[in-house]
Amino acid sequence: MSDFLETIVARTRERVRQLPSARPAGVRDRFAFSRALSGGPPPSAAAAEGRGAPHIRLIAEIKSASPSAGAIVDNPDVEAIAREYKAGGAAAISIVVEPEFFRGSPDWIARAAKASSLPVLMKDFVIDDKQLLCGVAAGANAILLLASLLDAKRIGDSIALLDEFGCDALVEVHDDRELERAVGGGARIIGVNNRNLRDFKVDLATAESLGAKMPASTIKVAESGIKTRGDVDRLRAAGFNAFLVGESLLRQNDRASAVRALIA
C-alpha cells in the first residue's frame, strides 16, 4: 500500500468509528447502475434523441478536489452539475464522498439523484461494512470497492451484502494482483484505474492490458486519464464501453457539451 493510501485509510478508520451500523430500510431501484452500463434503455433524453451513442456509457463524476489535482470545483453546485451531465447524455453519476482529501459529502448522493434521475455511484475508501450500509441509506445505486484495500473474500462478502439491497459494486483494480482479487471475489463490474496511486502517473495502457484479462461477462469500466474522444475510441478498441470521467468534465464551462463530445 502506498503512503497516500496508508494515510487516507488511517483517517477513514477514524471516520468509520462515527458511522451508524443500522441496516437501511427499503431497497433502491434494483441494480439500476449495472443496467445503465450494460445496454438497458437509453440513459437520457439526449441519448434517446440520437445525440449520444447508446453503446458508450459515461459515468460523469462530481468531486471538489483530489490529491493529484488539488482544488477542482470549490463548493460544487451538485444539482446544476448533475443536470448538465444528464443533458449531455451521461448514463450515471459518480459522487466522491471522502471528506478530507476530496472534500466530498454523502449528502451529494441524494441531491445528484434527485436532480438528474440517473443512477449514482458512491466513491469512498471502503474498509468497513458500515460504509456500505450508509451508502445504501444515502441512496447510492452502486458503491466503489478498491481491490487495493480488500482481499477476494472481503470483496465477495461486500458484493453479497450490497446484493441484498439491489445495489451494485464497482470493483476498482490497477494491476494483475488486484484484478485476480476482483475476479476471485466475483466482481461483475470491474473498473481499471489508469492512475497509479503511488506516483499519480496516468497511463491508458493499464486499462488496455487488464481489460484483455477480464472474464467476458464482466462490465468493463475505464477510469482516469480520459479527456478526449480519441481516448474513448482507444479504450473502446480494448473492449471498454463504460468510462468514468471527472476532472476534465468538471473544469469545462459547458459540461453538457463536454459529455456529448465524448459520447456522440
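Going residue by residue through the stretch 29-48, is there one that turns out to be outside any helix (DSSP H, G or I), at pLDDT below 85 and closer than 22 Å to Lys130 by Cα? Taking every residue of the stretch 29-48 in turn, at least one turns out to be outside any helix (DSSP H, G or I), at pLDDT below 85 and closer than 22 Å to Lys130 by Cα.
Each row is one residue, and each column tells you yes or no for (1) closer than 20 Å to Leu19 by Cα; (2) surrounded by fewer than 22 Cβ atoms within 10 Å (Cβ to Cβ); (3) not aliphatic (A, V, I, L, M).
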| position | (1), (2), (3) |
| --- | --- |
| Lys123 | yes, no, yes |
| Val126 | yes, no, no |
| Gly135 | yes, no, yes |
| Leu145 | yes, no, no |
| Asp151 | no, yes, yes |
| Gly156 | no, yes, yes |
| Glu172 | no, no, yes |
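For Gln18, the conditions (1) farther than 24 Å from Glu223 by Cα; (2) at pLDDT 95 or above; (3) among the polar types (S, T, N, Q) are fulfilled apart from (2). Of the candidates Arg103, Arg111, the single residue that is open to solvent by 10 Å² or more (accessible area, probe 1.4 Å), part of a loop (DSSP other than H, G, I, E, B) and basic (Lys, Arg) is Arg103.
Residues in the stretch 215-235 that are in contact with a helix residue (DSSP H, G or I) (Cβ under 9 Å, 6 or more places away or on another chain) and among the acidic types (Asp, Glu) were compared, and the one that is surrounded by the fewest Cβ atoms within 10 Å (Cβ to Cβ) is Asp231.
Sort out which residues of the stretch 192-231 are within 16 Å of Phe4 (Cβ to Cβ), charged (D, E, K, R) and over 16 Å from the mean Cα position of the chain (by Cα), and write them in order of number. Quick ask: steps written out before the conclusion?
Filtering the stretch 192-231 for residues within 16 Å of Phe4 (Cβ to Cβ) gives 193, 195-202, 224.
Still in the running and charged (D, E, K, R): 195, 198-199, 201.
Answer for the stretch 192-231, where residues must be within 16 Å of Phe4 (Cβ to Cβ), charged (D, E, K, R) and over 16 Å from the mean Cα position of the chain (by Cα): Arg198, Asp199, Lys201.
Only residues that are more than 24 Å from Arg35 (Cβ to Cβ) and in contact (Cβ under 8 Å) with a residue 24 or more places away in the chain were counted in the stretch 190-209, giving 8.
The values are calculated or read from the model by the stated rules, or taken from the named source; none is laboratory data. This is a predicted model, so every value here is computed, not measured. Using ideal geometry, Cβ is built from the backbone for each residue, glycine included, and neighbour counts are taken over all protein chains shown. For accessibility, only protein heavy atoms count, side chains too; no ligands or nucleic acids. Shrake-Rupley method; radii C 1.70, N 1.55, O 1.52, S 1.80 Å.
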